[in-house]
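So the structure is just underneath, and the comments pick up after that.
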Amino acid sequence: MRFVILLLTLAACAPVETHRPLEMRLTNERIRVTLSDRSICRAERPAEGPWGGPLQGCPPGWSYHVEPDPRGIVQNMARGSGLENIFAPLADVTVTGPTGRSWLFRSPPSRNWR
């Protein structure tokens, strides 16, 4: 009986993810994530270094990491031509919540339905 009470007490102390990301949009300059509570999180692409970091405009603790797909042939050809903003980047995006749980999204969005 004590063991059951101990387990229930520990389970009650575990962090709970209250929201989850529903949608992710990625452009060459920024990311936008919509959470299940309709919060909209945003971040600008860093000028240099890895493409990731904290998200702004949503509850604290949300972050993202963008892993560009080197097979983005059209995007690579358009780079520097002024047309790069027409195409969504080909990338895998990991959105991580305050408890450490992660969700994987793909850009462009049509890649999420494989």
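Listed by first and then second residue, the pairs with beta-carbon distance under 9 Å, at least 6 apart or on different chains, first residue in segment 29-46 and closer than 11 Å to Tyr64 by Cα, second exposed (fewer than 15 other Cβ atoms within 10 Å of the Cβ) and among the hydrophobic types (A, V, I, L, M, F, W, C), are Arg32/Ile40; Val33/Leu22; Val33/Ile40.
Selection within segment 1-56: residues that are at pLDDT below 85 and of a type in the set (Ser, Thr, Tyr). The member of this set that is surrounded by the fewest Cβ atoms within 10 Å (Cβ to Cβ) is Thr9. Only residues that are in contact with a Gly (Cβ under 6 Å, 6 or more places away or on another chain) and either modelled with pLDDT of 85 or more or outside any loop (DSSP other than H, G, I, E, B) (or both) were counted across segment 75-114, and they come to 1.
The values are calculated or read from the model by the stated rules, or taken from the named source; none is laboratory data. From a predicted model like this one, the values you see are computed outputs, not experimental measurements. Cβ sites come from the backbone with ideal geometry, for glycine too, and all protein chains shown count toward neighbours.
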